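Take a look at the structure set out below.
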Amino acid sequence: MDLSLSAWWRTTLLCACILATFFQNAFGGPTDIFPPACPFTYPADTEWELWSSPLTWGNTGVIPGVGAGVGQTVEVPCGRSILLDVPRIQVYFLNVTGHLKFLDNATLGNITVETNYLLVQGQLTIGLPDQPYTQYATITLTPEANRTDLVNRRAFGGSFLSLDLGHKVFAVVGGQLHLHGMPGGSDTPAWVHVTKTAYAGDTTLSVYGDVSSWPVGGDIVVASTDYDFNQAERLKITGVSNGSAGGSVIRLGRPLTYMHWGDPLDAGIDERIIYQTAEVALLTRHILIQGVREAGNYSLEGGHFIIFQTQTPQYIEGVELTSMGQQGTLGRYPMHFHLLQDTAFSSYARKLAIHDTNQRCIVVHGTHRMLVEDNVAFNTSGHCFMVEDGIETGNNFTHNLGILQRPALRLIPPDLGEDNNTDNSPATFWITNANNSVTHNVGGGAADSGFWYELRPAVRGVSKYLPGGNTTIPRFMLLGEFFNNTAHSNGFAGLRTYPQGFHPVADDRNYINKRQLTSQVVTFQRFISYKNRLFGVFMHESDHVLITDSILSDNVVSVEFNADNYCAVSDTLIVGQTANFGRPTGCDVSSLTNCQPANCSLPMRQSSPADGSARSLPRPGIGDPIVGVSFGQDMWFQKGPNAIANVTFSNFIPQCGQQAAAVSVVGEAENFANGGDNFQGLRFSANTVPIWYNPRWQSVPMGSLNYTYEMEQAWVYALRDADGSIVGGNGGYVIANNPTMLPPNTSAVKCTFNEEWNAYACPGACYRHIRLSFQEPGWTNYTSNHDAGGTQLEITRVEDGSRMVFDGNRLGLSFNNQTFIGKVTGTWDRYFYANLYAGPEATYRLRLIGGQGGTFPATAELSLNDDVSCGQSLRLQIVSTEPAAQWQAVEETASSGFPFASFCPGNGPSGPSLPVTTSYRYVCGPTNASATHLEIVLASQSPFATTNKVQLNKASVSPSYCPPAQPCGLVGVGSVWDYRDDGLASAPAFYETPAVDRASGNTTNAWVTIPGSGWQTGRAPFSAGFANDGLNTNLAQTSGYTMKRVVTYFFRKQFYLDNPACVSQLNMGLNYLDGVVVYLNGQEVGRKNMGYRYNDYGSATNVAVNNGSFAAQQRGGAWWDSLTIGGGWQAGTNFLAVEVHTAQYRGLGMTFDSWLSAQTTCSTTSNV
């Protein structure tokens, strides 16, 4: 194509003007997706214009990037196709609006492009899928002298006015890439495994597969197969020859420094064989994209590569990226797919080699259905293969390998209000939304973890503004797929869920508007995890997660359940130690004798290894016990039960002072095991210790007649053996080395102490796991776990006087039945847990001592926190030093909506037998003012139920009779209310239909039929905008299809009084966010955090004005206010109404619960 200079400039300026207008109008919005700058072209070979031809550039005599053209700003114009046929160009800014193709010609040889900025708005082609590039193409991104970001430049009349892409950048905006530079083409493997162990000093590697296309002189990396990921080695290829069985032999440029395992390993049971085989990866490609390496302040600032909000598919295969990423700067990564949304379904990033980079590897950001396949990453910084914000779904990460992911030195600053980034604890695969496919990958040596599911409560970053960004809760998303992945040689864990955990539910989107969350089991299948310094699997604060069909070996702890709920391991092989003895580093092992201690090693059991007398330790100098499954609960949470089923344990054999066991509980103050934790179908190799209790805390006998321990939950642990795999017979329990836990002497169940286990085996026993919680007065800040003077819980078995005392834990901010870590506001709750022997011959008396002075708080909660377990009910007595203490218990399943449970006759164990009914529990209370305790029987229930708990409120003996001068319960915590969450812009009619009152006969305003007229019914507590744990009624945060934020919520309830003259005042407790207005029988009786006459119901509260007798009140959980109502009640039906206003349009959300009681001067009856 022959263009004169003037014609060419006219074309360029026309394109520039069009682009300037387009960019200024369209850029900036995260939902914008950009098309190509002009139609794509696919010319025949004879139709290309040559870069080297003066005709291409208007016969000016200057070739851009060459000679006098060095340092120019150059555009490949729209509608033109140019073939780059010169070996080297150096330009300031290369703008590809048309089509630029690199010539692949042996005569020309290699091509190098050096530029500060490379922008592709059209097409860039370096090889095709069926014609991979065979020469070496290098794109070097160079620093600009002023380091100017493009947002401040006006290239081509302002086309980048609104586009901040930084410098040293390769950017695609609307354009398309065809980059194919894999040596030998698409069939060449990017990485393989060794076929046998390679020892230190070897100069060859035997590998599976045909790697004859790996170039001589190319770089490879061999992964570590030991605990130390720094044993990965970079080497040169000096030759490749055929090996056995279709494999290959790679000749190396130097001898190996470390051993890299590859031999089959005997599992020690059932003749099973396991594999720990080193990976070998090619780092060289025919297309190289690199940033210039700099020193000083810019040493962590390489180039970066971004596909920016582009609708066209990208085809990237066989590219090498090095010195890429700009550490500490958001969005500056070696390969970044940025906000492509759902346009990436046919795009791929395949067979890339990313090494020696500064920040992350392949980042999929605000992008769905992307293929990330067969890539290799080595010696990178921060997280590597990742989805960034938590909105990304449907992406496929398959057959990728990461080796040596180091901690970042500079962290990307988080958005306001968001948690810090965690690149200083990098994972090879960092997944922020589980609804992606992760298959056949290897995390082969990261400073933290191989696979980290860091699932947060909300979408982060700019993705909040994408479709679904304000309704997706990542930690609730279902698992896309996790299959056949391997993790080894990681500094912390092979697989982890931390810190928010994984809570998969059946509906994987739009949780804010859900009324009920239904958990669904997700499966991590066929996972291989070995030689990790701490955990093979670290499951933290998660539920309904199943690890199955897996092999875990040579980890300190192969599986740790850390505050988990209904998680399980099944059909899995767990091996304590294998013959892969490793290579101890940092000390001399040549003179070690049997069981001689050393900083970095222990002798091999039985025979000596080939290259020394020691095996490497996971954490030198610490002496960790080797454990298959550990129950190490986190101090912040109590969870469970969990299950271990059909699991085989092998080679957990103590040696040289190092303890080992298939199952262990670590006896720290904050650690315990749920009595519903189940084991069944377990198998053990010869000499394996099946269970061991780590006595990190010791018990101290107190008294001579009865054993009494000042102890914590760890010393009352109980693990259920469902089928006799551990204790024999038909099953039973393994309990702590704690005589106070033993069954009463009158019981037929007998326990035997096992010294090797440091625990009792109790065949036929049943233990239940209880929790008691309440607010500790005066705790307003984060305090130590064991406060001097804090309330203690004393549990005494009535039959024999066996006594235990607990200090308890503070578990974080209890807020509307949710726990929020790190929020040091409001008040803290006190929690106690215990596993107690359950049976008809055992009754336990619970009494608070110390800080509370023996009195129970106004509200407490007592619950069974296991499942049906072994089927025995638990009989408890609540004891108070207040002789006249009266109680009401919230009935959670009453179909009538009546808020309190019925009371049974009797007074403690001397009373009549409890009736056998269909109720899920029985609640009994005192029948006279001299009673000293409330007796409760927590009964068996079906697995996974969440309602076997009793909320205790100080009130009257009976909710239908109010004695003189006693508080009379009218509305209980957790009651049923009518509500509206439809975003009304004006107050609703709380009372709509005139009717005749049933008691007085007077005409009054009656309730409308529910759910008519927009009212719905639900049980408190209510919330909106928070993750729901299944106990709340979760209301809408946005109104219908308008998606306007609901600012005001309306609640109403009625109660009945037959003799209002007996009532001296009403007392009301309110738990709410953020402002509240209360009405009684249509008249306002109080407001807080509101204006005096605030009638704009569509607006948020913004005036902190209080009206009415409000006061802080410590009742139940945190943030309760009390309101005293001095009048306004009436005979018969009374109407209570509440408005709750949120604080701001982007506030935390809404919460509401309430109780109401009457102070009486004479006897009256009441009902609700």
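Observations on the structure shown:
- Packing around the peptides 113-125, 570-582, taken as the average count of other Cβ atoms within 10 Å per residue, puts them in this order, highest first: 113-125, 570-582.
- Each peptide among 43-50, 1019-1026, 519-526 gets the average number of other Cβ atoms lying within 10 Å of its residues, and from highest to lowest they stand as 1019-1026, 519-526, 43-50.
- If R0 is taken as 30 Å, the Cβ-Cβ distance between Ile273 and Leu478 corresponds to a FRET efficiency of 0.30.
- Estimated from the Cβ-Cβ distance and a Förster radius of 25 angstrom, the FRET efficiency linking Thr238 and Lys196 is about 0.80.
- The label point for Leu409 and the one for Ser212, both projected 7 Å from the Cα toward the Cβ, are 4.5 nm apart.
- Enclosed volume per residue, in Å³, of the convex hull spanned by Cα atoms of segment 372-459: 78
- Asp419-Asp549 FRET efficiency (beta carbon distance; Förster radius 22 Å; 0.05 resolution): 0.10
- Burial order of peptide ranges 183-190, 78-85 (average beta-carbon count within 10 Å, highest first): 78-85, 183-190
- Above-threshold pairs, the threshold being 32 Å between Cα atoms, out of Lys531/Lys750; Lys101/Lys168; Lys168/Lys351: Lys531/Lys750
We did not get these values from a lab; they are worked out from the coordinates using the rules stated. As the structure is a computational prediction, the values presented were derived from the model and not from experiment. As a convention, Cβ positions derive from the backbone with ideal geometry for all residues, glycine included, and neighbour counts pool all protein chains shown.
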